[in-house]
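Q: Below is a structure I'd like to ask you about.
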Amino acid sequence: MDTAVSHETHVGHHPESFIRHYVFSLDHKTIGKQYFFVTLFMALVGGSLAMLMRAHLGWPDRGILDPSTYLAAATMHGTVMIFFFLTSILTGAFGNFLIPLMIGAPDMAFPFLNMLSFWTFVPSVLVLLASFFVPGGPAGNGWTSYAPLSAVPAASPGSGLGQTLWVVAIFILMTSSLFGSLNFLTTIINMRAPGLSLGRLPLAIWGIFITAILALLSFPVLMAALAMLFLDRVAGTSFFVPAGLLIGGKLTPHSGGEALLWQHLFWFFGHPEVYILILTPMGIVSEIISTFSRKPIFGYKAMVLSLASIGFLSFLVWGHHMFVSGMNPILGATFTISTMIIAIPSAIKTFNWLTTLWQGRIRFTTALLFAIGFVSLFVTGGLSGIFLAASPVDIYLHDTYFVVAHFHFVMASAALFSIFAGTYFWFPKMFGRMMNERLGKIHFVLTFLGIYGTFYPMHFLGTHGMSRRLYTPNFYPFLGSVQPLDVFVSISAFVLGAAQFIFIANFFWSMLRGPKAERNPWQSNTLEWTADSPPPHGNWPQTPVVYRWPYDYAVPGAPEDYIPQTVPAAPAYAGRHGGGAA
């Protein structure tokens with residue numbers, strides 16, 4: 001696509017009505033903000049359910065929740081946080097806002113499809129929220145909704161209409177995500193500014209690019225599984241329901257289904273989904289660490305290759321979620337090896353981040369603190385993942401709180417920290433104002449301590465044998481000795497939850513009353529910092545031209561310690577990457 005023609009096409013701006021500008025907007029920045037606010041609301045929903053669960057588990061004798069309500073809370077907490085918060089904010093909010101700005105494009109390749117993506121996302125949210133108010137309540141079979149519990153409406157208290165709405169909501173969400181992923185890939189491939197070769201792309205864009213590929217390859221698999229599950233529930237088919245299944249002493253009229261097929265399909269989607277939640281954060285954290293250490297990112301090519309390697313390997317490890325399903329030990333060993341191998345590119349990224357920080361002139365902003373916190377959480381969760389990758393160990397630890405601790409560190413909390421880091425970093429560009437750094441650092445300290453206090457003790461609960469979906473831990477005498485640990489976890493969770501109100505207050509106060517932001521308050525190099533804060537429609541009056549890679553910090557001979565990508569190469573301070581073609 002001709003970039004100049006494309007820019008003229010997108011920049012042609014006419015007065016818009018309120019509805020077109022703020023509701024059914026075609027501008028990628030407005031759509032990104034719409035995603036941000038909706039997903040922030042869903043985070044409050046999912047976080048509130050977590051607080052309910054912890055209030056019950058800390059003091060189970062009080063009977064705060066009954067068994068079916070507890071399982072519904074656990075199911076919807078996982079569903080909301082994974083699908084409707086983490087996935088949607090990283091791709092929908094950050095992806096939409098950043099891609100055109102960081103590649104020098106005026107907008108997305110398909111603005112109408114972009115709007116359609118958001119307005120497909122909204123019905124999925126409404127359908128999921130509606131499931132809380134139907135007879136029988138929301139789905140209660142875990143966020144993975146294993147068959148046959150989820151496939152037969154009479155199988156459990158959480159298998160009624162709420163489970164059907166769960167299926168419909170996730171299917172609509174997957175459709176929305178496919179619209180967005182197609183748009184992301186087309187935009188990044190075809191609409192880069194002149195001079196912005198693939199070798200000069202910021203790592204945040206590489207993360208989003210590979211995430212979009214994973215989504216396009218994995219989401220249709222889950223959509224097919226959801227369609228089959230829906231037919232099992234409402235049309236009497238038998239994709240996932242085996243013959244001879246007894247429920248309440250009655251034989252179900254199904255035959256020929258295979259419950260494990262759902263697990264294979266779900267986890268073939270599910271493990272790439274784990275990396276959909278971590279590849280974009282890896283890119284975000286790379287940008288922030290390089291900017292605030294005032295050093296070029298260490299090992300740029302290795303960072304890109306490790307992102308691609310993680311994406312490829314994520315399709316070869318789904319079986320490690322199924323070690324206890326009776327798989328052949330040879331197949332189990334194969335999945336163990338592939339899971340161990342995926343630790344190699346992850347370790348490359350970790351050491352490259354640490355090397356970038358090493359001997360840098362570090363500016364300890366709130367964004368950098370959350371980025372460093374991301375590295376800490378990712379390493380902690382990754383180390384426990386080595387345990388679970390070994391099938392003999394996983395057989396003992398499977399479905400215990402050890403697994404809960406692992407994925408909350410490596411996936412949920414790490415992704416959350418990258419979201420906070422990215423918000424503090426790009427807030428000036430989003431809203432043209434600065435967030436309060438003092439409140440931000442208080443938020444960081446309380447959140448960091450709250451996360452470790454909440455999830456680290458869960459490793460010990462898991463090794464003690466506490467099952468992850470156990471309604472009343474003190475029912476078993478052997479768990480009586482660890483009840484004080486459950487109390488500590490609940491108190492830590494309340495501290496973690498309370499800390500987020502500091503962020504919410506800081507966010508909205510700063511959006512309305514914060515100090516006006518300069519065009520480039522962090523003295524960063526990437527293209528978005530050459531646009532106004534906030535950027536106008538079309539982002540720039542003219543398409544920017546790129547002359548260098550995005551990490552020219554502390555270049556010898558340069559007048560300042562940063563050189564934006566739009567600055568032509570000069571012989572005195574060209575640097576290793578300054579003027580060369582990448």
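Q: Run the simple label-point estimate for A554 and V495 please: 7 Å along Cα→C-beta, distance reported in nm.
A: For A554 paired with V495, the spin-label model returns 3.4 nm.
Q: Quick one: with all protein chains in place, what share of the accessible area of region 40-164 is carbon or sulfur, to the nearest percent (1.4 Å probe)?
A: Working: 2870 of 3740 Å².
Carbon and sulfur together cover 77 percent of it.
Q: Then there's this: Rounded to the nearest 10 degrees, what's the angle between the helix 259-293 long axis and the longest principal axis of the chain, both from Cα atoms, 0 to 90?
A: 30
Q: Report the local net charge at L57: Lys and Arg +1, Asp and Glu -1, summed over other residues whose C-beta lies under 12 Å from its C-beta. Don't skip to the answer; put the middle values down first.
A: Values: positive: R54, R62, R468, R469; negative: D61, D486.
That sum, taken over residues with Cβ under 12 Å, equals +2.
Q: When the Cα centres of region 84-119 and region 163-225 are compared, how far apart do they sit, in Å?
A: The two parts, judged by their Cα centres, are 10 Å apart.
Q: S481 to S48: FRET efficiency via 1/(1 + (r/R0)^6), r the Cβ-Cβ distance, R0 35 Å, to the nearest 0.05?
A: The computed FRET efficiency comes out at 0.70.
Q: Further, regarding this structure: Net charge within 15 Å of G244 by Cβ-Cβ distance, Lys/Arg positive one each and Asp/Glu negative one each, not counting G244 itself?
A: Details: positive: K250; negative: E258.
Counting the neighbours of G244, the net charge comes to 0.
Q: Round to a whole number: what % of the accessible area of region 200-305 belongs to carbon and sulfur, probe 1.4 Å?
A: Exposed carbon and sulfur together represent 73 percent of the surface.
Q: For I19 and A227, FRET efficiency with R0 = 35 Å and r from the beta-carbon atoms, rounded to 0.05? Could you put the intermediate results ahead of the total?
A: Details: r = 34 Å, r/R0 = 0.97.
Once the sixth-power term is evaluated, E becomes 0.55.
Q: With r as the distance between the Cβ atoms of L512 and N474 and R0 = 41 Å, compute the FRET efficiency 1/(1 + (r/R0)^6) and round to 0.05.
A: E(calc), rounded to 0.05, equals 0.30.
Q: Further question on the same structure: Hey, can you find the accessible area per residue of region 8-112 for me, probe 1.4 Å, expressed in square angstrom?
A: On the way: 3820 Å² over 105 residues.
Ligands and nucleic acids excluded, the result is 36 Å² per residue.
Q: Helix 300-313 sits at what angle to the longest principal axis of the chain, using alpha carbons and giving 0 to 90 degrees rounded to 10?
A: Roughly 20 degrees, rounded to the nearest 10.
Q: What is the Cα centroid distance between region 515-543 and region 448-504, reported in whole angstrom?
A: One Cα centre to the other: 43 Å.
Q: Given a 1.4 angstrom probe, what's the average accessible area per residue across region 307-395, in square angstrom?
A: On the way: 3880 Å² over 89 residues.
Solvent-accessible surface per residue comes out at 44 Å².
Q: Just the accessible area per residue of region 400-483, please: how many Å² with a 1.4 Å probe?
A: Details: 2880 Å² over 84 residues.
I get 34 Å² per residue for region 400-483.
Q: Report, to the nearest 10°, how far helix 366-389 tilts away from the longest principal axis of the Cα atoms in the chain, using its own Cα long axis and a range of 0 to 90°.
A: 40
Q: Please list the equivalent ellipsoid semi-axes of region 95-254, computed as the square roots of five times the alpha-carbon gyration tensor eigenvalues, in descending order and whole angstrom.
A: Numbers: eigenvalues 335, 49, 24 Å².
The answer is 41, 16, 11 Å, longest axis first.
Q: Continuing with this model, one more query. How charged is the neighbourhood of Q359? Take every other residue with its Cβ under 15 Å from the Cβ of Q359, and add Lys/Arg as +1 and Asp/Glu as -1. All intermediate terms of the calculation are to be shown ahead of the outcome.
A: On the way: positive: R294, K295, R361, R363; negative: D561.
That works out to +3.
Q: While we're here: Let a ≥ b ≥ c be the square roots of the eigenvalues of the Cα gyration tensor of region 169-257; is it rounded (a/c under 1.5), or, if not, prolate (a/b larger than b/c) or oblate? Don't jump to the answer; show the numbers that get you there.
A: Working: a/c = 5.25, a/b = 4.11, b/c = 1.28.
Prolate, because a/c is 1.5 or more and a/b exceeds b/c.
Q: To continue, here is another question. Is any residue of region 452-488 close enough, with backbone N under 15 Å, to a label point placed 7 angstrom from the Cα of D399 along the Cα-Cβ axis, and if so, which?
A: 465-472, by backbone N distance to the label point.
Q: Related question: Let me know the Kirkwood hydrodynamic radius for the chain, please, with Cα pairs as the basis and the value in Å to one decimal. Let's see the in-between values first.
A: Numbers: mean 1/r = 0.0404 Å⁻¹.
By the Kirkwood definition, the hydrodynamic radius is 24.8 Å.
Q: For Cα pairs less than 8 Å apart in space and 6+ apart in sequence, what is the mean separation divided by the residue count of region 438-582, i.e. the relative contact order in percent? Don't jump to the answer; show the numbers that get you there.
A: Values: 137 pairs, mean separation 27.3, N = 145.
For region 438-582, the relative contact order is 19 percent.
The values are calculated or read from the model by the stated rules, or taken from the named source; none is laboratory data. The shown structure was predicted, so the numbers you read here are calculated from the model rather than taken from an experiment. A quick note on method: Cβ atoms are made from the backbone with ideal geometry, for glycine too, and the neighbour counts reach across all protein chains shown. Note: areas computed on protein heavy atoms with side chains; ligands, DNA, RNA excluded. Shrake-Rupley method; radii C 1.70, N 1.55, O 1.52, S 1.80 Å.
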